[in-house]
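One structure below.
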Amino acid sequence: MSSFIPTERLPRREFLKTGGALVIGFSLGDTLFGQTAGSAVRGAAAGPPDAKLIDTWLSIHADNTASLYIGFAELGQGASTALLQIAAEELDLDMNQVKTVRLDTNITPNQGGTFSSASIARGGPQIRTAAAEARLALLQLASKKLETPVERLTVSKGIVSVMGSTNRSVTYGELVGDKAFNLPFTGSAPLKPAAEYKVVGRLVQRKDIPEKVSGKYVYIQHVRVPDMMHGRVIRPRGQRAYGAGAKVLSVDEASIRNIPEARVVRRGDFIGVVAKREWDAIRAAQQLKVTWDTTPTLPGNDGLYEQMRSAETQERIVLERGDVAGALARAAYAVSQTCRGPYQAHAPFGPNCALADVTPESALIICSTQDVYGTRTSVARLLGMTADKVRVQYCEGSGTYGHSCYDDAAQAAAILSQAAGKPVRLQFMRWDEHGWDNYGPAHVGEVRAAADAGGKIVAYEYHGWQHNWSTVETSAQLALGTTPAEREGGAAQQVSPLNLGSMYEVPNLRLVNHRVPGLGYLKGGWLRSPLDLSFSFASEQAIDQLAYLLGMDPLMFRQRNIQDARWLGVLDAVAQAAKWAPRRAASNLSNAKIATGRGIGVGTHLASYGAAVAEIEINKETGRILAKHMYGAIDAGLAVNPANIENQICGQLVQTVSRILKEEVTFNKTNVTSLDWNSYPILRFEECPTVTPIVVQRLNERSTGAGEEVMAGAAAAIANAFFDATGVRMHEYPLTPNRVLAALTRR
């Protein structure tokens with residue numbers, strides 16, 4: 001018997017080659033079943049098509065079905081099905097008669113980016129009015145065909161019939177099958193009243209689920225094209241401060257000479273490799289020797305909040321009424337606290353991927369962007385082309401929940417393809433994804449609130465510090481030296497009137513936004529329910545503390561101070577679902593090892609109404625918190641498909657638990673150090689709470705957002721449940737075991 005002691009670390013695949021065993025394998029090939037990039041269904045002229053034409057929005061086929069051209073991406077939220085429900089309703093078609101096509105800048109209209117829960121709120125009215133206009137045109141054609149006034153025609157499943165006749169009918173397909181309407185989209189056609197809805201408002205099976213369950217669904221990571229190469233980027237492990245980039249001091253191309261098919265691509269400080277085999281690209285990226293400038297440019301976790309709080313900021317009074325200072329001074333009860341929220345990552349399970357085929361005359365980009373037209377513009381600028389020469393096709397990837405690295409991946413793929421002269425499939429490695437993300441920005445919030453002896457809130461003040469989102473992707477900054485900059489304005493980037501105090505009847509209120517200059521911090525981007533978790537973590541704990549000082553039940557205190565029927569609607573709905581029993585918070589404290597608590601909170605993003613209840617357990621010896629049951633209610637107006645909103649609520653509740661209990665981007669003064677699932681832990685399956693979603697249906701209200709509107713309330717509910725269990729307020733999340741134990745020790 002002999003032993004082998006390696007003198008140097010070998011890659012696993014190389015080590016297997018040194019063994020004496022016979023290894024038999026097989027290849028699935030470069031193109032797997034169902035994994036080719038599909039072609040679009042109509043003309044390929046550069047878009048966007050004219051939004052003022054009915055033909056831009058839908059087509060009627062000879063088989064009496066319809067294709068809808070939708071400008072919003074399916075991100076897993078079910079919008080592609082809900083928008084079809086809206087169209088089917090107005091067209092009087094069944095769901096099996098409608099379908100949509102790939103999101104494509106040569107095919108689909110420009111409806112803006114798929115963010116801020118806008119698919120139904122912004123896209124729904126456009127699809128509804130376009131379908132109604134098409135139905136009116138079809139009825140007018142049928143009127144001529146059947147020689148009957150429109151008023152005497154009825155429609156069912158795309159079959160137009162004469163009232164009282166059993167044999168006088170014509171189908172949509174027979175009227176215009178596969179021909180253009182050639183009619184303007186005026187938006188003047190009458191819409192079906194909500195009382196007559198048969199499809200909208202129903203729980204309809206999502207169109208994308210069967211193939212996702214069966215494994216046939218094509219994600220961007222699956223897409224292959226002939227003669228393509230594989231690519232990887234090479235960057236320092238963990239980003240520097242935004243604006244510092246990643247300065248290359250030297251590159252030793254000879255360090256990958258033992259990988260004959262691998263090639264280094266350099267453009268400015270952008271470094272990448274391409275190879276015919278993916279494993280060769282991975283090896284080359286790991287093996288290539290690059291020396292980087294490591295000058296410290298970051299404050300580090302320890303100095304983050306102090307630097308933000310002391311920074312010279314751009315200040316803006318977002319909302320002010322009454323005399324806050326005077327009301328605070330005269331109030332019977334007043335509370336104040338400062339809370340801190342960390343940078344958090346998008347951290348998709350599958351690192352971002354894109355495929356680019358760039359020629360001297362044109363470029364095709366297949367990627368997971370939330371805004372195909374925005375990506376077309378940025379890629380065209382990067383390649384030195386006009387936008388009409390670049391075609392972007394959407395292909396769903398792993399969940400994004402905001403602006404992750406999908407546009408960065410698309411740009412990197414384009415750079416590599418242009419250099420290689422061939423199609424390139426670029427996928428980030430885990431350390432690229434974690435370390436170079438556009439993180440949800442950190443936040444410092446200071447809140448003061450006061451109530452009178454009768455339990456009415458008389459004053460509320462909130463000051464918030466955070467920086468805005470970055471506008472330049474890393475690939476563009478490194479390759480072109482593009483000057484880093486931040487987005488201006490935007491309600492989601494600053495202190496939010498809708499989410500801070502305004503749900504309560506408060507006569508004296510003041511909200512102040514302190515914009516911190518973003519250069520010198522980490523790259524920022526929108527992350528699901530941007531800043532709202534931090535807002536409510538601070539704000540709703542202050543509201544809860546007022547109830548505690550008054551000796552009131554937290555639910556009853558909120559009910560006393562809310563008059564808006566829709567805020568009360570979600571608050572009452574979630575309390576009823578959780579079987580809330582009135583009592584003062586922290587009234588059941590014990591010396592037991594395991595403490596239990598429940599909490600309630602309200603909040604939203606930019607629209608809609610959300611409320612949540614959390615039931616948690618705390619191990620006072622280990623500091624570990626378990627969310628046992630989460631309840632969430634959303635009023636998003638007309639719920640087109642309540643099942644979609646239920647799914648969204650469930651996802652929001654689970655993700656909020658993960659973010660409040662575990663997630664925090666760590667970094668030192670040089671670089672980000674959260675590069676994997678160990679250094680950036682997320683909620684595990686065994687830690688997942690039971691979730692109860694509640695949809696408050698409002699058939700006669702316009703549809704608003706439902707993709708992120710209960711997370712703020714859920715974050716607050718968890719924080720308030722912690723106080724109920726321990727009698728201690730937490731001022732910084734995530735509520736990690738170390739922070740919990742430190743807080744319990746200080747009690």
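The values are calculated or read from the model by the stated rules, or taken from the named source; none is laboratory data. These numbers were taken from a predicted model, which means no experiment stands behind them. Note that we place each Cβ from the backbone using ideal geometry, even for glycine, and neighbour counts take in every protein chain shown.
Overview of results
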| quantity | calculated |
| --- | --- |
| Lone qualifier among Ile107, Ile86 - being assigned by TED's automatic domain parsing to the domain that holds Val162 and out of contact with any helix residue (DSSP H, G or I) (no Cβ under 9 Å at 6 or more places or on another chain) | Ile107 |
| Filter pass, Pro484 being surrounded by fewer than 23 Cβ atoms within 10 Å (Cβ to Cβ) and part of a loop (DSSP other than H, G, I, E, B) | yes |
| Check on Glu701, part of a loop (DSSP other than H, G, I, E, B), surrounded by fewer than 17 Cβ atoms within 10 Å (Cβ to Cβ) and more than 23 Å from the chain's Cα centre (by Cα) | yes |
| Residue in region 400-408 that is part of a strand (DSSP E or B), buried (at least 18 other Cβ atoms within 10 Å of the Cβ) and either in contact with a Leu (Cβ under 8 Å, 6 or more places away or on another chain) or basic (Lys, Arg) (or both) present | yes |
| Residue in region 502-512 that is at pLDDT below 95, in contact with a Leu (Cβ under 8 Å, 6 or more places away or on another chain) and either in a loop (DSSP other than H, G, I, E, B) or closer than 30 Å to Arg267 by Cα (or both) present | yes |
| Output for region 157-206, where each listed residue is within 25 Å of Asn700 (Cα to Cα), part of a loop (DSSP other than H, G, I, E, B) and charged (D, E, K, R) | Lys157, Lys192, Lys198, Arg202, Arg206 |
| Any pair with Cβ under 8 angstrom, 6 or more apart, that starts in region 570-589 at a residue that is among the acidic types (Asp, Glu) and ends at one that is outside any loop (DSSP other than H, G, I, E, B) | Asp572/Gln559 |
| Only one of Leu498, Leu522, Leu531, Leu527 that is within 20 Å of the chain's Cα centre (by Cα), of a type outside the set (Asp, Glu) and closer than 14 Å to Val444 by Cβ | Leu531 |
| Failed item, numbered, when Asn182 is tested on (1) under 30 Å from Asn438 (Cβ atoms); (2) of a type in the set (S, T, N, Q); (3) over 25 Å from the mean Cα position of the chain (by Cα) | (1) |
| Unmet criterion (only one of (1) within 30 Å of Asn513 (Cα to Cα); (2) in the same structural domain as Met228 (by TED's automatic domain parsing); (3) among the charged types (D, E, K, R)) for Arg425 | (1) |
| Failed condition for Thr148, given (1) under 18 Å from Gln97 (Cβ atoms); (2) surrounded by fewer than 19 Cβ atoms within 10 Å (Cβ to Cβ) | (1) |
| Boolean, Gln286 is among the polar types (S, T, N, Q), outside the structural domain of Asn671 (by TED's automatic domain parsing) and either out of contact with any Cys (no Cβ under 9 Å at 6 or more places or on another chain) or within 18 Å of Ala409 (Cβ to Cβ) (or both) | yes |
| Sole residue being over 22 Å from Ala363 (Cα atoms) and at pLDDT below 90, chosen from Leu53, Leu68, Leu22, Leu58 | Leu22 |
| Total residues in region 266-316, condition among the aromatic types (Phe, Trp, Tyr), buried (at least 17 other Cβ atoms within 10 Å of the Cβ) and more than 16 Å from Ala246 (Cα to Cα) | 1 |
| Of residues in region 287-336 being touching a helix residue (DSSP H, G or I) at 6+ places or on another chain (Cβ under 6 Å) and of a type outside the set (Gly, Ala, Ser), the one nearest to Ala715 (Cα to Cα) | Val335 |
| Selection from region 237-267 of residues that are under 12 Å from Gln477 (Cα atoms) and touching a strand residue (DSSP E or B) at 6+ places or on another chain (Cβ under 8 Å) | Tyr242, Gly243, Ala246, Lys247 |
| Residues of region 212-232 that turn out to be more than 22 Å from the chain's Cα centre (by Cα) and not hydrophobic (A, V, I, L, M, F, W, C), as a count | 9 |
| In region 669-698, residue surrounded by the fewest Cβ atoms within 10 Å (Cβ to Cβ) [restricted to those that are in contact with a helix residue (DSSP H, G or I) (Cβ under 6 Å, 6 or more places away or on another chain) and farther than 25 Å from Pro348 by Cβ] | Lys669 |
| Residue match in region 192-211 (condition: surrounded by fewer than 19 Cβ atoms within 10 Å (Cβ to Cβ), among the acidic types (Asp, Glu) and more than 28 Å from the chain's Cα centre (by Cα)) | yes |
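Each row is one residue, and each column tells you yes or no for (1) assigned to a strand (DSSP E or B); (2) in contact (Cβ under 8 Å) with a residue 60 or more places away in the chain; (3) not assigned by TED's automatic domain parsing to the domain that holds Glu709.
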{"position": "Met385", "(1), (2), (3)": "no, no, yes"}
{"position": "Gln393", "(1), (2), (3)": "yes, yes, yes"}
{"position": "Gly397", "(1), (2), (3)": "no, yes, yes"}
{"position": "Ile415", "(1), (2), (3)": "no, yes, yes"}
{"position": "Ala449", "(1), (2), (3)": "yes, yes, no"}
